[in-house]
Each structure stands twice: as C-alpha cells, then as structure tokens.
Amino acid sequence: SGVIWGDEGLVVTNAHVVRGSAATVELWDGRMLSARVSKRDLGRDLAALRVDGDPLPKAEIADSGRLRVGELVLAIGNPLGFTGALTTGVVHSLGVIRGLGREPWVLADVRLAPGNSGGPLADACGRVVGINTMILHGLGLAIPSDRIARFLKRDQQRHALGVLVRPVPAPGSRMGLLILE
C-alpha cells in the first residue's frame, strides 16, 4: 500500500514494501504506472517513489502534532490481498516507544495485517496522520505525518550499513531485531 503525497506524482510507502530501485504502482482505478524510488530511509522504514504521467489525486495530509490519544483513526490498505480494506480504532499512545529508537510513533488499536504496510492512517476527517508500518503487541504502529514531511524535505539520504532489520517483540517484553536482508 502507499499514499499519493504530493502534486508531482510523489507516492510514500514503507521501505520494506519497495526493495528495489523501481516499482509498479497500481491505482484504485486499475491504472498501472511505472515508478522509481527517489528517496529511502531504512532506519525509519520510509520510501518515496516518483510516478511519471498525468497528475494524480493526492491525499490530504494533517498535522500529526495535533493528534490526541483517544481520537478515532482509520487504517486503509490491502491486507492479505483484500483491496481497499478499512479498519477503525482509536489512538492508543503517541511518542517514542522503548526499543524503537528516538523517533515518535502513533500507536493505535487498528487491526493491521500484511498488505497494510505503507498505507495511510487517517483521522476521522480522512486526512492522513501517518503511514502504517507494523504491528507491536497487537496494536498498529504508524510513522507520524510530520516525520514523513521531514523525511521528504531532507536533501540527502541517510547512509546505511547494508543490512535491513525490523524490530520484533522478544521474550520477556523486550525488543529484538530480525534481519531481513
């Protein structure tokens, strides 16, 4: 899943969704468009793709800094192959999560499954407040929209070690790292 973020054919998704330098983007209307990865942040699990062609209908983005615990949120994606599935829940917590670095997250009680990754977490008005990334202790974890805006404004990419890892729960309520590639 992904979100059309801007006027210039910009699509934001998770880095683990698009592993190569190019991808094919399928729109809701069935059009298939070629895209190239223009920016990637493996540490934050974000990727930006550029799609050439006609202007695309962009999502409305909200300031995640205004999001509050208890607010209604919607997760949209393609979990387990069910195209355009929607699930609702409420914001459980906001901020840094122990074991997942110093960046803030949106933790919500929305039901996510493989295929929701990279899709939008939206507020009750349908404005994107984050990008769904993973499940942690049964709750959906999303990257806040203000952090995505910061990622998109950065001129250079962060350097990477060449190892792709993902945080996973470990025994004893600790966190571990799963090496993906």
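The values are calculated or read from the model by the stated rules, or taken from the named source; none is laboratory data. Quick caveat: nothing in here was measured; it's all calculated off a predicted structure. Every residue, glycine as well, gets a Cβ built from its backbone with ideal geometry; the counts of neighbours run over all protein chains shown. These area figures cover heavy atoms from the full protein model, side chains too; ligands, DNA and RNA do not enter into them. Shrake-Rupley method; radii C 1.70, N 1.55, O 1.52, S 1.80 Å.
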Scan region 5-48 residue by residue and report those that are part of a strand (DSSP E or B), free of Cβ contacts under 8 Å to residues at least 60 places away in the same chain and over 12 Å from the mean Cα position of the chain (by Cα).
-> ALA22, ALA23, THR24, VAL25, GLU26, MET32, LEU33, SER34, ALA35, ARG36, VAL37, SER38
Inside region 64-172, counting only strands (runs of 3 or more DSSP E) that do not spill past its ends, which hold 1 or more residues that are free of Cβ contacts under 8 Å to residues at least 40 places away in the same chain and among the β-branched types (Val, Ile, Thr)?
-> 85-96, 128-136, 165-170
Would you tally the residues in region 18-44 being out of contact with any Leu (no Cβ under 9 Å at 6 or more places or on another chain) and either of a type outside the set (A, V, I, L, M, F, W, C) or buried (at least 19 other Cβ atoms within 10 Å of the Cβ) (or both)?
-> 9
Does any residue of region 148-161 turn out to be modelled with pLDDT of 90 or more and more than 26 Å from SER21 (Cα to Cα)?
-> no
When region 21-41 is examined, which residues are found to be small (Gly, Ala, Ser) and modelled with pLDDT of 90 or more?
-> SER21, ALA22, ALA23, SER34, ALA35, SER38
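Suppose the filter is without any contact (Cβ under 8 Å) to a residue 60 or more places away in the chain, surrounded by 12 or more Cβ atoms within 10 Å (Cβ to Cβ) and over 24 Å from GLY20 (Cα atoms); does VAL51 pass it?
no
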Quickly run through region 54-87 and pick out the residues that are open to solvent by less than 50 Å² (accessible area, probe 1.4 Å), among the hydrophobic types (A, V, I, L, M, F, W, C) and in contact with a Lys or Arg (Cβ under 7 Å, 6 or more places away or on another chain).
-> ALA62
Taking region 105-114 and keeping residues open to solvent by less than 30 Å² (accessible area, probe 1.4 Å) and either under 24 Å from LEU10 (Cα atoms) or in contact with a strand residue (DSSP E or B) (Cβ under 6 Å, 6 or more places away or on another chain) (or both) leaves TRP105, VAL106, LEU107, ALA108, VAL110, LEU112
